[in-house]
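**Q** Take a look at this one; I'll ask things after.
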There are 2 protein chains.
Amino acid sequence: MAVTSADVAHASGVSRTTVSYVLNGRPGATISEATRRRVLEAAEQLGYAPSAAARTLRRGRSDLVLVVLPHWPIGPVIDTLLDHLADDLAERGMSVLVHHGRGTRPLADLWRVVTPRTVVGLTAFAPEEVRAMRRAGIRVVGTRIDADDHDPSVYAISQRRIGRMQVEHLVERGHGRIGWAGPTDARLAEFSEPRLAGVVEACATAGLPTPVLAEVDLEVGSARAAAAIWREAGVDAVAAYNDDVALAVLAGLRAEGLAIPDDVAVIGVDDAPFARLACPALSTISQAIDVQAAYLAAATIAALDDDDDHPPRPPDMLAVVRRDST
Amino acid sequence: MAVTSADVAHASGVSRTTVSYVLNGRPGATISEATRRRVLEAAEQLGYAPSAAARTLRRGRSDLVLVVLPHWPIGPVIDTLLDHLADDLAERGMSVLVHHGRGTRPLADLWRVVTPRTVVGLTAFAPEEVRAMRRAGIRVVGTRIDADDHDPSVYAISQRRIGRMQVEHLVERGHGRIGWAGPTDARLAEFSEPRLAGVVEACATAGLPTPVLAEVDLEVGSARAAAAIWREAGVDAVAAYNDDVALAVLAGLRAEGLAIPDDVAVIGVDDAPFARLACPALSTISQAIDVQAAYLAAATIAALDDDDDHPPRPPDMLAVVRRDST
DNA sequence: CTGAAAGCGCTTACAG
DNA sequence: CTGAAAGCGCTTACAG
């Protein structure tokens, strides 16, 4: 069915060896220009595309980097990161393919199906899974949440620190009774828990009472209920899990007739594109995603090269973006 | 380096044939239970994972579906669609991998690298690219914008109709001078142009003057400038390219001191999660993405089965979601 | 019930 | 400068 190199060889009257040399560039060089052209033309005309499977089998490795995305909804942050990663790796001749880790199939099936050269995890891998992949000759570059070890293949922004920064900013702005707006989606616990821990910790450090917790989904009703609870408790500032939740909080507070930031201040996380468009414009924590993406790309390339000199980890680059909601 | 079936055969004292039979299930059945168990144990213990490349080469096809995403930023709509697709195909033993078509590499490199069984395009493919893939034995399921032919492998929501629906709703709400807020990102032209065409068309049909065009990015400044233009022109309703742009429009109108919807009404497209949280809550056009995803999955499976009975195309399922901005 | 052998399409030493 | 041959790891008729 498909065109093979033998077809090209036949069409151009040379051996498969020559076809391969022409197409891939030979080590010792020198194919007559006429032959070269004939082969190239035949390949072009037949629409020859080398079999990836055969090439991978023969070479013992593929040019594929598999990025495994976490189970949670991906937003603009991940989106940007993937862009950068794909660009950086393309320069090295690698292709990036993405697995959205939400289906029912386990990861294992996946990397077996495609034999990637490297697997980049934007979610945590189970240790036995990492072992299995390594055993199959696959490099693994991971991220882990609040990693406390020094495995250089693991890079993670401290979620806890994000929570702390939110509270520190609110305190700086003169607030003293903090509320926390967590997500309802349980898949986000991996992130929301350490963020909340940071919030709790910073409250304690600042000598404030423990924050008043509420879960908020992306409906006004849910946010309004939370707003009522916070009002009851005298909360004057809310740290939200992320900008999405913060947007709902803003809507809930407005619905309850509370003034922002005078009655209650609100801060999110991510600096999503819509944050500056909220009313009032939303204060948030930005994560300098380009820097992270560049690091991840560098780490992936280092893994490619079998290089044990992992690139230096970038600083967290977290920053408070103050707008009108605080 | 990696464990092969020969290693498993050796460890369990049988031939590779038997290993393969045990692992894949043989056609003629019957392997002694003892052998079976021994092989399984050896495979498990050695951490055997069959080489995808070898298997694909031998079988002549892979179990991979490659989804090619367009160049534009992906939002919750695509996200949901991928979820459904991955789930539906997993049931058929297929794995879904996603290519974010934003890198610098052409698509061609990609499908050559992975030999997918099917390529599903959420963006339009060039005809010669489709030919090349088909020639390589790959099934192609595509979507195209405002497709006017009857190729059953092509499914597309009429973008033009979306624009028409926006205007029809605005007219129904008593508005007569329409503005159009287009995206600044040129990559979105594929969608924005037909949507705008629909808007223009509907204005003409309703006997309204041509809409007043403005480009709006996700900054208040840009939206505010647009708002000034519309005010000048006496615009009393704006159809926005999508909910993101609409959100910016809301912010721009607020900044200009215009009341929504009394001075100017606004309608978006997508029913993004944040739409109901905007102030005021944003009216929009929803696209029933589940239905589309199910269709795409069905079409992909039909292609898998070499089935020429393409599933019936679903109705567009477009609906106006009226909220407070109109 | 199990093994020896062929062959998928490619690349690459090794001979000419 | 170019070709014949081996071998990557797998599956599957075909013999026993």
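The values are calculated or read from the model by the stated rules, or taken from the named source; none is laboratory data. Quick caveat, the model's predicted, so the values are computed rather than measured. For neighbour counting, all protein chains shown are included, and Cβ atoms are generated from backbone atoms with ideal geometry for every residue, glycine included.
**Q** Determine, yes or no, whether A:E193 is acidic (D, E), more than 24 Å from B:A248 (Cβ to Cβ), at pLDDT 95 or above and surrounded by fewer than 21 Cβ atoms within 10 Å (Cβ to Cβ).
**A** For A:E193, the condition - acidic (D, E), more than 24 Å from B:A248 (Cβ to Cβ), at pLDDT 95 or above and surrounded by fewer than 21 Cβ atoms within 10 Å (Cβ to Cβ) - is not met.
**Q** Give just the number: which of (1) under 24 Å from B:R131 (Cα atoms); (2) at pLDDT 80 or above does B:P70 not satisfy?
**A** (2)
**Q** Somewhere in region A:247-269, is a residue in contact with a Ser or Thr (Cβ under 7 Å, 6 or more places away or on another chain) and charged (D, E, K, R)?
**A** no
**Q** State whether the residues of region B:202-220 include one that is farther than 24 Å from A:A255 by Cα, away from chain A (no Cβ under 11 Å), touching a Lys or Arg at 6+ places or on another chain (Cβ under 7 Å) and not in a loop (DSSP other than H, G, I, E, B).
**A** Checked against the condition, which is being farther than 24 Å from A:A255 by Cα, away from chain A (no Cβ under 11 Å), touching a Lys or Arg at 6+ places or on another chain (Cβ under 7 Å) and not in a loop (DSSP other than H, G, I, E, B), region B:202-220 yields at least one hit.
Per-residue answers, yes or no, for (1) of a type in the set (S, T, Y); (2) over 19 Å from B:S283 (Cα atoms); (3) without any contact (Cβ under 8 Å) to a residue 40 or more places away in the chain:
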residue: B:E172; (1), (2), (3): no, no, yes
residue: B:W180; (1), (2), (3): no, no, no
residue: B:P194; (1), (2), (3): no, yes, no
residue: B:E201; (1), (2), (3): no, yes, no
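**Q** Kindly establish whether B:L107 is surrounded by 19 or more Cβ atoms within 10 Å (Cβ to Cβ) and either in the same structural domain as B:A186 (by TED's automatic domain parsing) or modelled with pLDDT of 70 or more (or both).
**A** Spelling it out, it is not the case that B:L107 is surrounded by 19 or more Cβ atoms within 10 Å (Cβ to Cβ) and either in the same structural domain as B:A186 (by TED's automatic domain parsing) or modelled with pLDDT of 70 or more (or both).
**Q** Run down A:A281, A:A275, A:A246, A:A239 and say which single residue is closer than 20 Å to A:E172 by Cβ and assigned to a loop (DSSP other than H, G, I, E, B).
**A** A:A281
**Q** Could you grab me the full set of residues in region A:29-68 that are in a helix (DSSP H, G or I), facing another protein chain (nearest Cβ under 9 Å) and not basic (K, R)?
**A** Passing the criteria: A:L46, A:A52, A:A53, A:A54, A:T56, A:L57.
**Q** Which residue, of B:A227, B:A272, is modelled with pLDDT of 95 or more and assigned by TED's automatic domain parsing to the domain that holds B:Q166?
**A** Criteria check complete, one pass: B:A227.
**Q** Could you check A:V235 against (1) aliphatic (A, V, I, L, M); (2) over 19 Å from A:R164 (Cβ atoms); (3) in contact (Cβ under 8 Å) with a residue 40 or more places away in the chain and say which number it fails?
**A** (2)
**Q** Kindly provide the set of residues from region A:174-190 that are of a type in the set (A, V, I, L, M) and modelled with pLDDT under 95, ordered by number.
**A** Hits for region A:174-190 are A:A186, A:L188, A:A189.
Condition check ((1) surrounded by fewer than 19 Cβ atoms within 10 Å (Cβ to Cβ); (2) aliphatic (A, V, I, L, M)) across all residues:
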| position | (1), (2) |
| --- | --- |
| B:D217 | yes, no |
| B:G221 | yes, no |
| B:G234 | yes, no |
| B:L247 | no, yes |
| B:L253 | no, yes |
| B:S283 | no, no |
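**Q** So how many residues does region A:8-40 have that are aliphatic (A, V, I, L, M), at pLDDT below 80 and either within 7 Å of DNA strand D (Cβ to nearest atom) or crowded, with 18+ Cβ neighbours inside 10 Å (or both)?
**A** Selection size over region A:8-40: 1.
**Q** Would you confirm whether or not region A:296-319 contains a residue that is away from chain B (no Cβ under 11 Å) and under 27 Å from B:A251 (Cα atoms)?
**A** yes
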